[in-house]
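The values are calculated or read from the model by the stated rules, or taken from the named source; none is laboratory data. Here the structure is a predicted model, which is why all the values come from computation and not from measurement. Every residue, glycine as well, gets a Cβ built from its backbone with ideal geometry; the counts of neighbours run over all protein chains shown. Note: areas computed on protein heavy atoms with side chains; ligands, DNA, RNA excluded. Shrake-Rupley method; radii C 1.70, N 1.55, O 1.52, S 1.80 Å.
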Amino acid sequence: MMDHTGDRATAAADRGATHTLALLFPPSGADSDYPPVQLAFIGGVAESATSYGYDLLLTPCKSGKDPSFRRMISERRVDGVIIMEVRREDDRIEHLAETAFPFVAIGRNRGTDAVGWVDLDFAALASGCVQHLTDLGHSHIAFVNKSEQIVNSGYGYARLGSEGYTEAMKEVGLAPRAYPSGDDVAAGEDVVERILQDDPETTSMVVMNEAALEGIYRGLTRHGRSVPRDFSVAGLASSRWAEQVSPPLTASEIPAKEMSRIAVDLMVERLTSPTSPPRHVLLKPLITLRASTAPCRSTPDEFAFDL
């Protein structure tokens with residue numbers, strides 16, 4: 001079988017006026033930096049774009065009103081745009097759609113229905129974690145999300161994860177309790193404090209914030225909970241984060257490299273075949289069982305909350 005990758009790359013790049021793609025990707029770190037999972041996406045998109053003969057322009061644009069974003073689109077400084085950190089209401093997408101500028105998304109909202117997108121099923125991921133924990137006999141299950149700012153901004157993964165958790169809890173007749181958390185050790189310790197203060201009988205949690213993991217583990221230890229003997233933790237984390245905590249975390253990993261490759265494929269398809277129906281790719285999460293989850297034990301009296 002002949003490999004036509006090089007021919008497709010040449011043909012795709014020749015269609016463009018600039019041979020450049022833009023990646024709209026605002027940093028989500030606490031200090032406006034790019035955490036490791038975001039860096040993995042940047043590297044993946046750059047690698048895939050290069051395979052098609054495109055350069056990559058990275059811009060941290062958060063708003064469709066950003067002057068540099070408007071100039072980039074109006075002056076057609078790039079051939080196409082890959083947009084990330086998609087929010088429920090996202091004026092970047094609205095502007096791209098209004099100007100009929102070629103774009104695809106890593107993530108989704110109603111505005112991306114008419115274009116190609118790839119996403120991880122965050123709702124199914126959170127629901128699967130709840131299912132795993134209830135199968136182990138846990139009934140007091142908390143949910144730890146990203147920061148309040150990210151949650152309130154309507155970022156897709158934070159919103160969909162919360163919705164999946166809430167729906168799964170209601171389906172089994174349990175009361176959902178969701179908490180935002182910052183992306184650092186202190187925030188992780190603080191969220192454990194709030195969870196156990198609200199409900200000392202909590203025996204497990206679903207975590208959608210890998211950067212808070214170390215603090216969560218520290219907080220549980222400080223309150224006398226041993227993972228997984230007394231408290232189970234499952235969630236979303238790259239293998240790097242999941243395996244550096246002790247015990248290693250039962251978790252699903254964001255397939256950044258695969259999602260990046262698919263996004264560039266969709267972008268090239270849109271540039272080379274603009275009248276073709278858009279493709280939507282929803283990846284199913286795979287949860288890797290590690291040592292952080294175990295059958296539920298009754299919450300001992302000595303675990304009374306310590307102010």
**Efficiency of FRET from Cβ geometry, T59 and D199, R₀ 41 Å, rounded to 0.05** = 0.45
**Asked** Just how many pairs of Lys in the chain have C-alpha atoms closer than 22 Å, counting pairs that are eight or more places apart or on different chains?
**Response** 6
**Prompt:** Could you give the nm distance between label points at S74 and A114, where each point is 7 Å from its Cα heading toward the beta carbon?
**Reply:** 2.1 nm
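What does the convex hull of the Cα atoms of the range 60-147 come to per residue, in Å³, rounded to a whole number? Numbers along the way, then the final one.
On the way: hull volume 9.9 nm³, N = 88.
Output value, Cα hull per residue: 112 Å³.
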**Asked** Percent relative contact order of the range 115-173, based on C-alpha pairs within less than 8 angstrom and at least six residues apart?
**Response** 51 percent
**Complete:** Of the accessible area of the chain, computed with a 1.4 Å probe and all protein chains kept, carbon and sulfur make up a percent value of 51 percent
**Message:** Out of all DSSP beta bridges in the chain, what portion is antiparallel? Express it as a percent rounded to 5.
**Reply:** 10 percent
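How much area per residue is accessible in the range 110-251 when the probe is 1.4 Å and only protein heavy atoms are counted (Å²)?
On the way: 5230 Å² over 142 residues.
Per residue, the range 110-251 has an accessible area of 37 Å².
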**Asked** Taking the alpha-carbon centroid of each part, what is the distance from the range 189-220 to the range 85-126 in angstrom?
**Response** 31 Å
**Asked** Given a cut-off of under 8 Å on Cα pairs at least six residues apart, what relative contact order in percent is computed for the chain?
**Response** 20 percent
**Message:** If the only charges are +1 at each Lys and Arg Cβ and -1 at each Asp and Glu Cβ, what is the size of the charge dipole of the chain around the Cα centre, to the nearest 20 debye?
**Reply:** 580 debye
**Request:** Please sort 202-213, 56-67 by packing, taking for each peptide the average over its residues of neighbouring beta carbons within 10 angstrom, highest first.
**Result:** 202-213, 56-67
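Under a point-charge model restricted to the Cβ atoms of Lys and Arg (+1) and Asp and Glu (-1), what is the dipole moment magnitude of the range 196-260 relative to its Cα centre, in debye to the nearest 20? Kindly include the intermediate steps, with their values, before the conclusion.
Values: 6 positive and 9 negative charges, 45 e Å.
Roughly 220 debye for the range 196-260.
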**Prompt:** How many times 2.2 N^0.38 Å is the alpha carbon radius of gyration of the range 195-307?
**Reply:** 1.48
**Message:** Under 8 Å for C-alpha pairs, at least 6 residues apart: give me the relative contact order for the range 248-294, rounded to a whole percent.
**Reply:** 75 percent
**Request:** Any chance you could run the full-extension gain for S239 through K170? It's 0.36 nm times the residue separation minus the Cα-Cα distance, nm to one decimal.
**Result:** 21.9 nm
**Residue among S204, A168, L21 farthest towards the positive dipole end of the chain, charges placed on Cβ** = L21
